[in-house]
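We did not get these values from a lab; they are worked out from the coordinates using the rules stated. Quick caveat, the model's predicted, so the values are computed rather than measured. Every residue, glycine among them, receives a Cβ derived from its backbone with ideal geometry; neighbour counts consider all protein chains shown.
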Amino acid sequence: MRTVVWFRGKDLRISDHLPLRDAARAGEVIPLFVLDPYFFAPERARELPHRMQFLLDSLRALEHNLAHRGTRLVVVAGRSVEVVPALAARWKADKVVAHRWVEPFGRERDRRVAAALDGKLELYEGETLLPPGTLRTGAGNPYAVFSQFARAFHRALTPPEPSAAPKSLPPLPRVAFDAAPIPTCEDLGITRNDAVLEGGERAGRARLDAFVRGAAARYHELRDRMDLAGTSRLSADLKFGTLSARQVWAAVTKALGASEAARVFTNELVWREFSHSTLWDRPELLERPFRPAFEGFPWEDDDALWRAWVTGHTGYPVVDASARQLLGEGFVHNRARMISASFLAKHLLVDYRRGEAHYMKYLTDGDWAQNNAGWQWSAGSGCDAQPYFRVFNPMTQGEKFDPDGAYVRRWVPELAKMPAKYIHAPWDAPADVLRAAGVRLGADYPRPVVDHKEARARFLERAAKHLKRPAAAPDET
Ligand SMILES: Cc1cc2nc3c(=O)[nH]c(=O)nc-3n(C[C@H](O)[C@H](O)[C@H](O)COP(=O)(O)OP(=O)(O)OC[C@H]3O[C@@H](n4cnc5c(N)ncnc54)[C@H](O)[C@@H]3O)c2cc1C
């Protein structure tokens, strides 16, 4: 038996990789990665610099790990839908195995490759803990309420037991000795950013170990604090599969048992499952709001406001810190993502899809299902989303989740000397406080681009009218 193991950028590891494990047990293995111009054409790669950097690091690590086990990663450039069937035929492979993708374009690719391979493509589950689309309500429908999905998930889940990496792999058959080199960032016109997390299985494993030994125990208390390293930072590993969801789940539950910390952490992994499952069942969500009432929402899409948000110059310190963190290191804390996304859609009336695309461009963990779910949740249009009338207040959110202002100070150095009392609302500071902090509002740091109360009222009125709801409930978070 000769099997092509087709790595596709979401499973860049050799441990707990069931297609690889099974292929190695069955006979000869050809590990393949295709540099598809869909992602790797320089004009496309430059659109996702941080993800591409992480992915290239991870590919090199995969190449190294496979070589260490006695085989080689065959890297080939070309369109997957053409290259994979052609190589399978040339190499006389008995089958091609890969992990399933949930995104509509990945499913279309797989449909075409499967048709060309005439039954020889075998897709494995494994990006998520349970295959997307398997949990159903009593009436047989996909879940639209997270708590119900989570209950069904826990009923269905058998505690995962990840498999170890193969100790050795069969040598690469001679027929497959035609590999292209893995490109560098420079080859693709990307300037390397050293603030982006290092990719690769070993780096991912080190992050998981550090989290389990450290922040995990207080995850339930500190996960919302933007100023602390209270979360796992495993999102890019889960996105690129340098760690599997099974490995993360198993490591955390083993270390923390039935604690509150483990319950709250695994609940976030269930949110991940929910967003993947939701996109599987509703592929149109990458284009359209989950709630039809949001169709045709009268967004304003003001370009000056958009630029202020993108560059971190809205005059709202937490919002600005998150925008600059995104550009600076390709990551944004979850609480800051929620505040910032809500602010763009609700305060600035910019179509959430514009923010979603911007996040996909710069987030290292940019994932179609999770990012779409996060944006639609924040805008109020999504599956089990934040109700439209809950408008995050960036000042009170800042005071609560960045109490000393360390997060703002790190990313908005203009405000570094502001006392904590005013750091989330510098316009409230008396003139002598501003002077002592070296801040001239409107010169060193912008005045707010919109007034919070007015912007909030404007959104609520517009949303109530468009969604044909009674006047908004006075609910502020
Ligand atoms: C507007 C917006 C956009 C987002 N875009 C993405 C994205 O593109 N990719 C992405 O992985 N996450 C996204 N999230 C979810 C969340 O912000 C990140 O997963 C989290 O901040 C990553 O940091 P961490 O690994 O330290 O998370 P932890 O708190 O340590 O959580 C562990 C893991 O659980 C998953 N997770 C955590 N929170 C969520 C959530 N709310 N929804 C789904 N899964 C979650 C992630 O895989 C994460 O790595 C988005 C959230 C919002 C509000």
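Listing for the model above:
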| item | result |
| --- | --- |
| Computed lengthening from Ala250 to Ala406, 0.36 nm per intervening residue step minus Cα-Cα distance | 52.8 nm |
| Hypothetical label at Ala77: residues of the range 179-193 whose amide nitrogen lies under 11 Å (7 Å Cα-Cβ projection) | 180-184, 187-188 |
| Overall form of the range 292-466 per C-alpha gyration tensor (a/c, 1.5; a/b vs b/c) | prolate |
| Euclidean distance between Cα centres, the range 340-366 to the range 275-290, Å | 17 Å |
| Total charge dipole magnitude, the chain, about the Cα centre, Cβ charges on Lys, Arg, Asp, Glu only, Debye to nearest 20 | 780 debye |
| Eligible lysines near Lys92 by straight Cα distance, threshold 19 Å, same-chain separation 8 or greater | Lys120 |
| Segment Glu108-Ala164, length gained on full extension (0.36 nm per residue, minus Cα span) | 17.0 nm |
| Over 29 Å (Cα to Cα) - which of Lys346/Lys421; Lys10/Lys400; Lys417/Lys453 fall in this group | Lys10/Lys400 |
| Theoretical gain in end-to-end length, Asp178 to Asn334 [0.36 nm per residue, Cα-Cα removed] | 51.9 nm |
| Proximal charge balance of Gly374 [Cβ under 10 Å; K/R count +1, D/E count -1] | -1 |
| Mean Cβ count within 10 Å, highest first, over the residues of peptides 237-245, 309-317 | 237-245, 309-317 |
| Cut-off 15 Å, label 7 Å out along Cα→Cβ of Arg447, residues of the range 297-318 by amide N | 314-316 |
| Local electrostatic count at Phe40 - Lys and Arg +1, Asp and Glu -1, tallied over other residues with Cβ under 13 Å | +1 |
| MRE, 222 nm, helices only [DSSP H, n ≥ 4, -39500 (n - 2.57), over the chain, to nearest 500] | -14000 deg cm²/dmol |
| Mean Cβ neighbour count within 10 Å, used as a protection proxy, ranking 336-348, 435-447, 6-18 highest first | 336-348, 6-18, 435-447 |
| Principal axis box of the chain, alpha-carbon based, largest edge first, Å | 75, 52, 45 |
| Gap separating the Cα centres of the range 197-262 and the range 386-407, nearest whole Å | 24 Å |
| R0 of 30 Å, Cβ-Cβ distance Arg263-Trp427: FRET efficiency to nearest 0.05 | 0.15 |
